[in-house]
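Asker: First the structure, then my questions, so here it is.
The values are calculated or read from the model by the stated rules, or taken from the named source; none is laboratory data. If you're wondering where the values come from, they're calculated on a predicted model, not measured in any experiment. Backbone-built Cβ (ideal geometry, glycine too); neighbour counts: all protein chains shown. Heads up: the accessible areas ignore ligands, DNA and RNA and are worked out on the full protein's heavy atoms, side chains in. Shrake-Rupley method; radii C 1.70, N 1.55, O 1.52, S 1.80 Å.
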Amino acid sequence: MSAFRPDVLKVRDYVTANDAFTYDLLPDDVVALTITHSNLPAKHLDIRFNLHLTISEVKDKLRKHIGTPPEFQTLVLKHNGHVLRELSENSRMLGFYSPESGMEVHIKDSDPYSLSKNGGLTDVSLIEKFKISDEQYDKRKDTVRSWIKKKKAENPFFKPPKVGESMGEQAAAASCTSSCDDCGAESVNGMTVGDRCEVQPGARRGTVKFVGEVEQLQPGYWVGVQLDEPLGKNNGTIKGIQLFECPDGHGTLVRGKNIRVGDFPERDILADEDEEETEI
């Protein structure tokens, strides 16, 4: 019994249905051969050759594909991995050796100075890596490390943005690592649990669920908000501590400077669409 699902088998059969006729449209004096190389793992599939080319001309054509000079090429004709014969006489035409489409021509590279020898073009472990000591790196200017040090000197709570973060996420991270000059008790004045609010970035609306300091986070006051839409990052639990309860993906914790409290009712998408149609 096949390990593949019936639908997968149908796709496979559809894709391979004409495999037996792959070479039927080739001219009678042209063959499509697979080229392999003694020093390289890659295969060149269905390279076309005219049967009237001499072996010398075949080698010159192969040089353009694999780089080995003709004088260092020994060509071996194979079929299904089995050696049939060596294409040894440069003056003979390719057709003399009776190759057929789908067969393989294997190139033995005898160049003692070949760049591809012993994995020279494929083994990345042979490439000498650039290395620099911490002391030498610290002496350089305009490096990422010096930039981070400069930022931390300006703000002890600075954290560099993570790779792949969006601009909004970076802004949010910046607000979470800001100096306590703008995250003291005065930053949350007038904010109480139950207030409606709007959170930046993104003008996200929600309800204040928590106001206060969190020992496990950076110093200063934080505001927990349950967002109306699933545009948050948690369910009110931060670093294993439940500050408030809300549906998963609706919770966010930000600094007071990123919030405005007031008359921010939950948006009615349908009402917005009706207003737009009236204006049209």
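Asker: Go through region 59-89 and give me each residue that's under 15 Å from ILE35 (Cβ atoms), of a type in the set (D, E, K, R) and out of contact with any helix residue (DSSP H, G or I) (no Cβ under 7 Å at 6 or more places or on another chain).
Answerer: LYS61, LYS64, LYS78
Asker: Given (1) closer than 15 Å to ILE35 by Cα; (2) part of a helix (DSSP H, G or I), identify the lone condition not met by HIS106.
Answerer: It is condition (2) that HIS106 fails.
Asker: Could you say which residue among GLU71, GLU86 is modelled with pLDDT of 95 or more, among the acidic types (Asp, Glu) and within 21 Å of GLU104 (Cβ to Cβ)?
Answerer: Just a single option satisfies the conditions, and that option is GLU86.
Asker: Scan LEU26, LEU9 and give me the residue that is over 24 Å from PHE72 (Cβ atoms), at pLDDT 80 or above and over 35 Å from the mean Cα position of the chain (by Cα).
Answerer: Going through LEU26, LEU9 in turn, the sole match is LEU26.
Asker: Please specify each residue of region 21-67 satisfying the condition of being assigned to a strand (DSSP E or B), open to solvent by 80 Å² or more (accessible area, probe 1.4 Å) and either farther than 12 Å from MET103 by Cα or among the aliphatic types (A, V, I, L, M) (or both).
Answerer: Correct list: PRO41, LYS43, LEU45.
Asker: Return the pairs, sorted by first residue and then second, in which the second residue is of a type in the set (S, T, N, Q), the first residue lies in region 188-200 and is part of a loop (DSSP other than H, G, I, E, B), the beta carbons are less than 9 Å apart, and the residues are 6+ apart or on different chains.
Answerer: VAL193/THR207; GLY194/THR207; ASP195/THR207; GLN200/SER175; GLN200/ASN258
Asker: Considering only residues that are in contact with a strand residue (DSSP E or B) (Cβ under 8 Å, 6 or more places away or on another chain) and assigned to a loop (DSSP other than H, G, I, E, B), look in region 112-128 and name the one that is surrounded by the most Cβ atoms within 10 Å (Cβ to Cβ).
Answerer: Only one residue tops the list, namely SER116.
Asker: Looking only at region 78-111, how many residues end up being over 42 Å from the mean Cα position of the chain (by Cα) and surrounded by 12 or more Cβ atoms within 10 Å (Cβ to Cβ)?
Answerer: 14
Asker: Next question. Return the residue satisfying two criteria in turn: it lies in region 1-20 and is charged (D, E, K, R) and assigned to a helix (DSSP H, G or I), and of such residues it is most open to solvent (accessible area, probe 1.4 Å).
Answerer: The qualifying residue most open to solvent (accessible area, probe 1.4 Å) is LYS10.
Asker: Kindly indicate the residue of region 68-77 that is in contact with a strand residue (DSSP E or B) (Cβ under 7 Å, 6 or more places away or on another chain) and either outside any strand (DSSP E or B) or without any contact (Cβ under 8 Å) to a residue 24 or more places away in the chain (or both) and also least open to solvent (accessible area, probe 1.4 Å) among those meeting that condition.
Answerer: Taking the candidates together, the pick is THR68.
Asker: Is it the case that some residue within region 228-245 is assigned to a strand (DSSP E or B), within 19 Å of ALA185 (Cα to Cα) and not small (Gly, Ala, Ser)?
Answerer: no
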